[in-house]
Every structure is written in C-alpha cells, then in structure tokens.
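Below is one structure, written out as structure tokens, with a few remarks after it.
We did not get these values from a lab; they are worked out from the coordinates using the rules stated. Keep in mind that what you see is a predicted model, and the values were worked out from it rather than measured. Reconstructed Cβ throughout: ideal geometry from the backbone, glycine too, with neighbour counts over all protein chains shown.
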Amino acid sequence: MDAMLNFDLPEDNFGFQCAINGIALRRSICDFQEYMRQMYKYNERISDDEKKMIQHLREQFQEILEDNGVHNLIVSPD
C-alpha cells in the first residue's frame, strides 16, 4: 500500500511543514512527557502540592491528546 501527499506550494506551506515535521513534533511531545514524569518521580526538592500539580498537568495533557485522537501515536512513559 502506498500513500502520497500533494501540496500546492507556497499556498499549502503550513500543511506541508506539519507533514514533514510530524516526527519532530511527536518526539518533542514525548520528551515533554518524560520531563514531567521525571519531575514527578525523581525531584525530591518539590513539595507535595507541586507533585499534585505535575500529576494534574500530566493527566490533562493525556486527555488533550485523547480528545484530539492522537494519544495512540504518543507513547506515554511510566
């Protein structure tokens, strides 16, 4: 099975940039999720309230990914 995307440049430049940079965007999201996970699990200098906030942000971020139908493209480390 083959798939081909066609763009009329420069009019469709935004869509083209999204298509060619999707992997970098995915990697950035994964890196951010990993950063939040490490802050939650390993940073001993943060308070319990800060930990609760980090966990809330992680859950909210996951919900946003699910709402946009891309949660299965992002592997959430835990």
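Structure data summary
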{"read-out": "Dipole magnitude of the range 1-69 about its Cα centre (Cβ charges: Lys, Arg +1; Asp, Glu -1), debye to nearest 20", "value": "440"}
{"read-out": "HN-Hα J in Hz across the range 27-36 - Karplus 6.51, -1.76, 1.60, θ = phi - 60°, x for Gly and Pro", "value": "4, 5, 5, 4, 4, 5, 4, 5, 4, 5"}
{"read-out": "For the chain, convex hull of alpha carbons as volume per residue, Å³", "value": "120"}
{"read-out": "Fully extended contour minus Cα-Cα distance, from Met53 to Ala19, at 0.36 nm per residue", "value": "8.9 nm"}
{"read-out": "Nitroxide proxy distance, nm - points 7 Å out along Cα→Cβ at Phe32 and Glu44", "value": "3.0"}
{"read-out": "Chymotrypsin sites (Phe, Trp or Tyr not before Pro) lying in DSSP loop within the range 20-78, provided at most 10 other Cβ fall within 10 Å", "value": "none"}
{"read-out": "Derived scalar couplings ³J(HN,Hα) [the range 52-59; Karplus, 6.51 cos²θ - 1.76 cosθ + 1.60; whole Hz; x for Gly, Pro]", "value": "4, 5, 4, 5, 4, 5, 4, 5"}
{"read-out": "Phi to ³J(HN,Hα) by Karplus 6.51 cos²θ - 1.76 cosθ + 1.60 over the range 2-10, Hz, x for Gly, Pro", "value": "10, 9, 9, 10, 10, 10, 8, 8, x"}
{"read-out": "The range 21-78: GluC sites (Glu not before Pro) in DSSP loop, at most 10 other beta carbons within 10 Å", "value": "Glu44"}
